[in-house]
1. Consider residue A:230 carefully, then state whether it is within 10 Å of chain B (Cβ to nearest Cβ), within 19 Å of residue A:79 (Cβ to Cβ) and buried (at least 19 other Cβ atoms within 10 Å of the Cβ).
2. Tell me, please, whether a residue that is in a helix (DSSP H, G or I) and out of contact with any helix residue (DSSP H, G or I) (no Cβ under 7 Å at 6 or more places or on another chain) can be found in the range A:241-263.
3. From the list B:10, B:104, B:19, exactly one residue is within 30 Å of residue B:148 (Cα to Cα), within 11 Å of chain A (Cβ to nearest Cβ) and either modelled with pLDDT of 95 or more or surrounded by fewer than 17 Cβ atoms within 10 Å (Cβ to Cβ) (or both). Which is it?
4. For the range B:44-61, name all the residues that are more than 18 Å from residue A:153 (Cα to Cα) and at the interface with another protein chain (Cβ under 7 Å from one of its Cβ atoms).
5. For residue A:273, only one of the following conditions fails: (1) under 26 Å from residue A:53 (Cβ atoms); (2) in contact with a helix residue (DSSP H, G or I) (Cβ under 8 Å, 6 or more places away or on another chain); (3) without any contact (Cβ under 8 Å) to a residue 12 or more places away in the chain. What is its number?
6. Does residue B:64 satisfy being more than 12 Å from chain A (Cβ to nearest Cβ) and touching a residue at least 40 places away in the same chain (Cβ under 8 Å)?
7. With the requirement that a residue be closer than 15 Å to residue A:91 by Cβ and part of a helix (DSSP H, G or I), what does the range A:158-180 give you?
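The values are calculated or read from the model by the stated rules, or taken from the named source; none is laboratory data. Computed from a prediction, not measured in an experiment: that's the story for all the values here. Glycine also receives a Cβ, built like all others from the backbone with ideal geometry; neighbour counts cover every protein chain displayed.
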């Protein structure tokens with residue numbers, strides 16, 4: 001589209017005027033502030049992070065000797081890194097299927113046109129607004145071993161008492177329960193939006209053909225939820241692998257390192273005195289490995305997903 | 001889980017229709033069923049689910065109104081006879097909650113406003129102006145959505161340290177002045193607006209800036225509201241970045257303060273829960289008031305802070 005010359009530049013000589021009124025300059029002026037900020041705080045750091053991962057770096061001193069790929073080879077022999085990886089896999093394998101299956105079920109219920117539906121939706125969605133720390137304070141109390149609501153309620157049906165976050169085998173499942181509570185609303189919103197995108201004609205046509213409710217759900221609705229499910233699997237996996245706030249705040253990686261997850265380990269290496277503030281380079285290398293793992297997981301999930309998922313045109 | 005920098009390449013997956021408010025919220029009355037129940041059997045699923053979701057929150061509120069002795073009672077006291085409203089002023093004055101609220105408000109408001117401004121400008125450039133390098137620039141921006149926060153955490157810390165912003169509110173504001181999700185959200189929205197109006201204004205001699213501020217933005221209020229509430233949620237609840245950049249408790253945000261408060265009042269459960277209620281309340285009120293924008297923001301992009 002030809003640019004209409006803007007008022008103030010009308011008297012400028014030919015060349016300067018073209019430059020001032022061209023789309024190129026205007027376009028860049030509009031996007032420049034944001035592009036500059038993103039370049040400075042996202043693109044530049046990702047490059048610098050890779051350089052740091054090949055240095056022996058500390059956040060306190062400016063001297064950062066180059067060590068090549070030593071940091072990366074060290075990861076393979078680091079039992080704490082392996083422990084963090086094992087914990088991340090354990091957490092992810094619990095969190096992703098549990099949260100998505102419950103969310104699907106809830107979203108179907110929340111899609112019914114019944115009384116109180118506004119209240120039900122609000123009840124399920126509301127954890128979206130609660131911060132991880134507030135959730136942590138809340139669940140540390142609900143899961144309190146002595147006075148907590150959970151042990152009391154479960155004791156009523158003959159279960160427990162449980163140690164929850166303090167128990168070696170129970171800490172990770174407790175984190176899973178808490179984070180599922182925190183994420184259900186998010187997942188349910190995505191599923192609900194997808195359910196409402198299911199064309200009415202399809203469901204009606206199937207009903208006219210005499211299909212049962214279950215058949216309609218299994219063969220019409222469920223396939224149409226494929227894209228949303230794929231999104232949620234990818235999404236939940238990414239966030240599960242990056243679990244941090246809850247671990248830092250509640251369990252500090254314990255008991256016995258059973259909840260030490262990758263980002264928590266990276267944080268301790270770079271930002272705490274546990275390793276004398278001197279392991280920032282190694283932490284950067286671990287972060288990069290985690291980044292690549294996340295990329296590969298995402299690509300594999302999309303690749304697998306696209307072979308199963310139907311996209312409606 | 002801090003997800004600010006996560007993968008957002010999701011526009012391709014969800015059906016691309018603009019998600020309006022989830023239907024069925026207003027004035028829905030069940031059809032008479034004349035079956036074995038006077039109400040829908042779905043209530044058997046939804047009522048327990050709603051209770052399970054709400055009980056932890058209600059339990060926090062109940063505990064915040066109990067005496068210390070009542071909190072240390074088993075079985076738990078579900079309904080204290082008299083309410084200890086004084087727990088709230090006591091919690092408020094035992095730590096600098098006021099300062100933390102103010103810090104969080106300053107940071108959140110600054111970040112939301114700057115995002116609305118910079119993302120609008122950039123989104124308009126990408127949506128409506130043809131210029132050299134646009135496709136490449138847009139691709140690079142979207143690619144940064146794939147970057148998880150922990151990869152850029154250490155270098156960003158060093159950059160902010162170079163700027164002498166560590167342990168100031170600036171450390172929380174400056175790196176978040178613009179984000180790609182906002183650019184993406186707004187430019188997708190701008191593309192759906194009829195271009196004829198803008199062309200007519202240009203022919204009448206209006207500058208591009210004027211077109212943006214006088215025509216495009218007033219038509220984009222729903223999208224701007226969506227961006228504002230999602231950005232507000234992220235910034236208000238952010239934890240990892242403040243954790244590594246802020247040390248002095250006079251510069252704490254609410255999340256850091258709540259963590260600090262929990263550490264110093266582990267056994268004062270009633271005060272702790274009063275503090276927790278106060279920290280959650282603003283976000284909960286905003287969520288209930290602006291639920292449709294949160295839902296729209298999440299449903300179109302799939303995001304949580």
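1. Working: within 10 Å of chain B (Cβ to nearest Cβ): yes; within 19 Å of residue A:79 (Cβ to Cβ): no; buried (at least 19 other Cβ atoms within 10 Å of the Cβ): yes.
It is false that residue A:230 is within 10 Å of chain B (Cβ to nearest Cβ), within 19 Å of residue A:79 (Cβ to Cβ) and buried (at least 19 other Cβ atoms within 10 Å of the Cβ).
2. Applying the first criterion (in a helix (DSSP H, G or I)) to the range A:241-263 yields A:241, A:245-251, A:262-263.
This time we only want the ones that are out of contact with any helix residue (DSSP H, G or I) (no Cβ under 7 Å at 6 or more places or on another chain), so: none.
Within the range A:241-263 (the criterion being in a helix (DSSP H, G or I) and out of contact with any helix residue (DSSP H, G or I) (no Cβ under 7 Å at 6 or more places or on another chain)), the answer is no, since none of the residues qualifies.
3. B:104
4. Answer for the range B:44-61, where residues must be more than 18 Å from residue A:153 (Cα to Cα) and at the interface with another protein chain (Cβ under 7 Å from one of its Cβ atoms): B:45, B:46.
5. So the condition that residue A:273 fails would be (2).
6. Details: more than 12 Å from chain A (Cβ to nearest Cβ): no; touching a residue at least 40 places away in the same chain (Cβ under 8 Å): yes.
For residue B:64, the condition - more than 12 Å from chain A (Cβ to nearest Cβ) and touching a residue at least 40 places away in the same chain (Cβ under 8 Å) - is not met.
7. Correct list: A:165, A:171, A:172, A:173, A:174, A:175, A:176, A:177, A:178, A:179, A:180.
This table checks each residue for (1) in contact (Cβ under 8 Å) with a residue 12 or more places away in the chain; (2) buried (at least 18 other Cβ atoms within 10 Å of the Cβ); (3) in contact with a strand residue (DSSP E or B) (Cβ under 7 Å, 6 or more places away or on another chain).
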| residue | (1), (2), (3) |
| --- | --- |
| B:182 | yes, yes, no |
| B:185 | yes, yes, no |
| B:193 | yes, no, no |
| B:197 | yes, no, no |
| B:203 | no, no, no |
| B:208 | yes, yes, no |
| B:212 | yes, yes, no |
| B:218 | no, no, no |
| B:234 | yes, yes, no |
